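The structure appears right after this line, and notes come after that.
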């Protein structure tokens, strides 16, 4: 075996929303299986609302892997959009 490096970006292959928050976490989290292009599949935590095929960035913190959306969705509405 030899060391290898992969990109820190991947695609959500599967996920589940945890209803019971693990000790050490503040908010409910998703547990996601992320596929890295030309690399492994990694299980990581995310507080973002995820969907299949979302692109994410993976970061390691204190021995745990977390993923965040690569292109966050913006839901801001202005007054023009709210008028009939």
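Where a number appears in this text, it was derived from the coordinates with a stated rule and is not lab data. No experiment lies behind these values; they were computed from the predicted model shown. Here Cβ is always computed from backbone atoms with ideal geometry, including for glycine, and neighbour counts include all displayed protein chains.
Odds and ends about this structure:
- Using the average count of surrounding beta-carbon atoms within 10 Å as a protection proxy, the listed peptides 18-24, 64-70, 28-34 rank, highest first, as 28-34, 64-70, 18-24.
- Base-10 log of normalised Debye intensity for segment 1-73 (one unit scatterer per alpha-carbon) at q = 0.11, 0.16 Å⁻¹: -0.26, -0.54
- Length gained when the stretch residue 64-residue 21 is fully extended (0.36 nm per residue, less Cα-Cα span): 14.0 nm
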